[in-house]
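The values are calculated or read from the model by the stated rules, or taken from the named source; none is laboratory data. All figures in this text were calculated on a predicted structure; none of them were measured in a lab. Neighbour counts run over all protein chains shown; Cβ positions are idealised from the backbone, glycine included. Note: accessible area is taken over every heavy atom of the protein model, side chains too, but ligands, DNA and RNA are not part of it. Shrake-Rupley method; radii C 1.70, N 1.55, O 1.52, S 1.80 Å.
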2 protein chains.
Amino acid sequence: MTSEQLLGLAALHSWKQVLARFDKNLDTLSSDDFQKRVAPGRNRLFYLFGHLTAVHDRMLPLLAIGDRLHPQLDEAFIAHPDGTLDDPVSVADLRSAWTTVNTRLTSAFETFAPHDWLQKHTAVSDEDFAADPSRHRLAVVLSRTNHLSFHTGQFILVK
Amino acid sequence: MTSEQLLGLAALHSWKQVLARFDKNLDTLSSDDFQKRVAPGRNRLFYLFGHLTAVHDRMLPLLAIGDRLHPQLDEAFIAHPDGTLDDPVSVADLRSAWTTVNTRLTSAFETFAPHDWLQKHTAVSDEDFAADPSRHRLAVVLSRTNHLSFHTGQFILVK
C-alpha cells in the first residue's frame, strides 16, 4: 500500500470509528430518551439527532456523491433552533434516515482513492480551489467527523 | 505540493481547528466555572480539563516527540474518576500545562512530512506494526482530535 493510500485510509477509519461509537449509544436510547435534554436548558436529543442527520445528508451533494435524500429536515433542524417548530418526523423516521445517509456516505468513501479525497468540494469555486487546494473533500470529512464527536459527547450525557 | 503532503496537512489543520475552538471557550471560563459539572451528576470541568491535559501529555512519548512533562496528572485524572482524589493542581497550573503540552505537540506536527505521520506509534511493537501498518502516528492524532471534540461538546454546556 502506498503512503497516499495509508493517509486516506486513516481518515476513513476515523470516520467509521466515530460513527460506530455514536451508533452504539443510539441503540441504547428509547423514544422517550429523545425528548430529554443533554443538559438543563440545552437541546433535546431529538433535535441534535435531526441536526446531525441533516448535516450528513448535505454532505452528499457537497462531496459530489449524489443528490440529497432528506432536504425536508433543514427547516426544523438547521434553519431553526430547538423548540421553534413542531417536530417534522418521528424518531423512527430519523433513525432510518440516519442509517441510509451514512451507509451511502461510507460506501462512497470506501471507493475513494487519494486523488478522490483531494478533489475540491462543491461549495468552493474552481478559482478559489486553485488558490487554496486544502478545500478538498477530506477537509470536509475530517470536519464532520469532529462535529459528530462533539455532539456524541453531549448525547452520552443522557442515560 | 504533493498529494501526500496535502493529506498530512489536512490532519494538522483539523487538529489546530479543534484545539482553537476548545481554547476559545477556555478563555471565557472563570475559576469558579471549573467547579461546575457539564450536566447533573457528571464530571466537573476541572476534571475534564485535567483529563485532557494528561491524555495530551501522554502523546509526547507515544508519538516519540519527547518525554512527558506532567506525569503527575495521571493519578487524579486518568487512573481515578472525578471526586475520588483531592485536586492535585490549581486551574492556573492546568491552564499553563495545557498550553505548554499542546504547543509542543503542534510544533512537532508542523515539522512532520508524510513519512513521519506514517511512522508507528510507540505503543505498538515492530512485529505488530508490520502486520498492521495503520497503527501510525496519524491514527493517534486523528483519534485524539476526536476525543478533544467529544469533550469540547461537553465543556460548552457550562456557561
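Which of the residues spanning region B:12-22 are in contact (Cβ under 8 Å) with a residue 12 or more places away in the chain and within 7 Å of another protein chain (Cβ to nearest Cβ)? Don't jump to the end; show me each part of the working.
We begin by selecting, within region B:12-22, every residue in contact (Cβ under 8 Å) with a residue 12 or more places away in the chain; these are B:12, B:14-16, B:18-19, B:21-22.
Once the filter is applied, which keeps residues that are in contact (Cβ under 8 Å) with a residue 12 or more places away in the chain and within 7 Å of another protein chain (Cβ to nearest Cβ), region B:12-22 yields B:SER14, B:VAL18.
In the set (1) within 14 Å of chain B (Cβ to nearest Cβ); (2) free of Cβ contacts under 8 Å to residues at least 24 places away in the same chain, the condition left unmet by A:ASP93 is number (1). Report, by residue number, each residue of region B:53-99 that is within 23 Å of B:LEU118 (Cβ to Cβ) and out of contact with any helix residue (DSSP H, G or I) (no Cβ under 9 Å at 6 or more places or on another chain). Correct list: B:PRO61 only. Within region A:1-39, the residues that satisfy the criterion of being in a helix (DSSP H, G or I), open to solvent by 40 Å² or more (accessible area, probe 1.4 Å) and among the charged types (D, E, K, R) are A:GLU4, A:LYS16, A:ARG21, A:ASP23, A:LYS24.
Taking the condition closer than 19 Å to A:ASP23 by Cβ and within 14 Å of chain B (Cβ to nearest Cβ), does A:VAL101 pass? So that I can check it myself, show each step before the final result.
Numbers: closer than 19 Å to A:ASP23 by Cβ: yes; within 14 Å of chain B (Cβ to nearest Cβ): no.
No, not satisfied.
Of all positions in region B:137-159, none carries a residue that is more than 14 Å from chain A (Cβ to nearest Cβ) and either more than 16 Å from B:LEU62 (Cα to Cα) or without any contact (Cβ under 8 Å) to a residue 24 or more places away in the chain (or both).
Among the listed residues A:TRP98, A:TRP117, identify the single one that is touching a strand residue (DSSP E or B) at 6+ places or on another chain (Cβ under 9 Å) and of a type outside the set (S, T, N, Q). Break it down stepwise before answering.
Working: A:TRP98 fails: touching a strand residue (DSSP E or B) at 6+ places or on another chain (Cβ under 9 Å).
Answer to the selection: A:TRP117.
Every listed requirement among (1) touching a helix residue (DSSP H, G or I) at 6+ places or on another chain (Cβ under 9 Å); (2) over 15 Å from B:PRO81 (Cα atoms); (3) within 14 Å of chain A (Cβ to nearest Cβ) is met by B:PRO40 save one, (1). Inspect region A:108-128 for any residue being closer than 13 Å to A:LEU69 by Cβ and in contact with a helix residue (DSSP H, G or I) (Cβ under 7 Å, 6 or more places away or on another chain) and give the result as yes or no. Looking through region A:108-128, none of the residues is closer than 13 Å to A:LEU69 by Cβ and in contact with a helix residue (DSSP H, G or I) (Cβ under 7 Å, 6 or more places away or on another chain).
Of the residues making up region B:40-57, those that are among the hydrophobic types (A, V, I, L, M, F, W, C) and touching a His at 6+ places or on another chain (Cβ under 8 Å) are B:LEU48, B:LEU52, B:ALA54, B:VAL55. Identification of helices (runs of 4 or more DSSP H) wholly contained in region B:40-159 with 2 or more residues that are open to solvent by less than 30 Å² (accessible area, probe 1.4 Å) and modelled with pLDDT of 95 or more yields B:45-62, B:91-111, B:114-117, B:137-155. A count restricted to region B:104-136 and to residues that are within 11 Å of another protein chain (Cβ to nearest Cβ) and among the hydroxyl-bearing types (Ser, Thr, Tyr) stands at 1.
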